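**Q** Have a look at this one.
The values are calculated or read from the model by the stated rules, or taken from the named source; none is laboratory data. Keep in mind that this is a model prediction, so the values were computed, not measured. All Cβ positions, glycine included, derive from the backbone under ideal geometry; neighbour counts span all protein chains shown.
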Amino acid sequence: MKRILVTGATGQIGSELTIALRHAYGEANVIAAGHQRRPECDLRESGPYCAMDIRDAEWLEQTVRESRIDTIFHLASVLSVVAEQRPQLAWEINMGGLYKVLETALQFGCAVFFPSSIGAFGPGTPLENTPQVTIQRPNTIYGITKLAGELLCDYYYHRFGVDVRGLRLPGLISYKTLPGGGTTDYAVEIFYAALTEGRYCCFLKPDSRLDMMYMPDAIRAIMMLMEADDEKLIHRNAYNVTAMNFTPEELTVQIRRSIPDFTIEYDIDPTRQAIADSWPRYMDDSAARAEWGWEPHYDLVTTTQEMLAHLAVKLAEPKEDDHAAR
Ligand code: AKB
């Protein structure tokens, strides 16, 4: 039975991946670690949780040793927009954190999952049908840390034999936990706004096309890759994976199928628009499909239906704090 540590467990991916891993490998075998003292009730009630700072190497080493961890899903990361606002912090968390995770994995013989991103490319990359192996010259600190992270992961595998695997994830759409400061966040915010206000003000241009994925597909991709037959993995790390690509305008059309009066306006944020313009419109994910059987289950139509249905229920529920107040 695996013994798993999830860093960044309170984030958009971590909060859902932790629960899925607990279902698959047993609740007590998956330790969630995040910066929040009191995470959402799902996370703290379904298994062990520790508050931690990924910059604390001692904590990491001690937890891996004492809890006999053999697999680390390393999700703690600063996203693209916050990284541009606080580049030094982004370097410390994204690079410093990964380095400590890889060193700890080497010392204790752990496997590692590392999420890279469409942000690891750059304006010099072919942005349509972006190949698995291509020019990567990112011009954001987020992209630089993701690309350097991909290379560091390759290095620890080839030099030391650490079984580190990873994906280049697109924008992720989910209804459970909000994303924290990314360029693709509009594709989540828009659903909340459609249901609560009936209108949304978008910070990207109407025709900004980006790769996206619904969270259940992302969770499945991560778990599939970590279970994949070692011998079939040619790239092993930084696999392009995508499920759909769309523009804010196209997403609006889909939302209007369920909420006909929904309106969108645009107030372009130059920083986020420049980041989006340097990212792929859509990636070629054939290596992931061929090597470990990647295939998405959700497209724009089904993602929109699921998001509106789940969020309508969530927004009608009393908040956890409301319960505490009673
Ligand atoms: C972001 O927008 O920063 C992330 C990503 C695509 O890596 N969602």
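**Q** Among the residues of the range 86-113, write down those that are small (Gly, Ala, Ser), surrounded by 22 or more Cβ atoms within 10 Å (Cβ to Cβ) and more than 15 Å from the ligand (Cβ to nearest atom).
**A** Hits for the range 86-113 are GLY97, ALA105.
**Q** Only one of SER46, SER80 is surrounded by fewer than 20 Cβ atoms within 10 Å (Cβ to Cβ), in the same structural domain as TYR142 (by TED's automatic domain parsing), within 24 Å of LEU172 (Cα to Cα) and not basic (Lys, Arg). Can you tell me which?
**A** Answer to the selection: SER46.
Residues checked against (1) in a helix (DSSP H, G or I); (2) touching a residue at least 24 places away in the same chain (Cβ under 8 Å); (3) not aliphatic (A, V, I, L, M):
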site: ALA193; (1), (2), (3): yes, no, no
site: LEU204; (1), (2), (3): no, yes, no
site: ASP217; (1), (2), (3): yes, yes, yes
site: ARG220; (1), (2), (3): yes, yes, yes
site: MET226; (1), (2), (3): yes, yes, no
site: ILE234; (1), (2), (3): no, yes, no
site: LEU251; (1), (2), (3): yes, yes, no
site: ARG256; (1), (2), (3): yes, no, yes
site: GLU265; (1), (2), (3): no, yes, yes
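**Q** Also, quick follow-up: Can you find even one residue in the range 130-145 that is small (Gly, Ala, Ser) and within 15 Å of the ligand (Cβ to nearest atom)?
**A** Yes.
**Q** Moving on. Cβ-Cβ below 9 Å, separation at least six or inter-chain, first residue in the range 67-78 and within 18 Å of ILE19 (Cβ to Cβ), second of a type in the set (Val, Ile, Thr) and in a loop (DSSP other than H, G, I, E, B): which pairs?
**A** Short answer, once both residue conditions are applied: PHE73/ILE13; HIS74/ILE54; LEU75/ILE13; ALA76/ILE54.
**Q** Could you check the range 27-44 and list, in sequence order, the residues that are part of a strand (DSSP E or B) and touching a strand residue (DSSP E or B) at 6+ places or on another chain (Cβ under 6 Å)?
**A** Answer for the range 27-44, where residues must be part of a strand (DSSP E or B) and touching a strand residue (DSSP E or B) at 6+ places or on another chain (Cβ under 6 Å): VAL30, ILE31, ALA32, ALA33.
**Q** Would you check if there is a residue in the range 172-179 being surrounded by fewer than 24 Cβ atoms within 10 Å (Cβ to Cβ), part of a helix (DSSP H, G or I) and touching a residue at least 40 places away in the same chain (Cβ under 8 Å)?
**A** no
**Q** Can I ask one more? Within the range 146-166, how many residues turn out to be within 15 Å of the ligand (Cβ to nearest atom) and crowded, with 23+ Cβ neighbours inside 10 Å?
**A** 3
**Q** For ALA83, which of the numbered conditions (1) of a type outside the set (Asp, Glu); (2) within 16 Å of the ligand (Cβ to nearest atom); (3) in contact with a strand residue (DSSP E or B) (Cβ under 9 Å, 6 or more places away or on another chain) fails to hold?
**A** (3)
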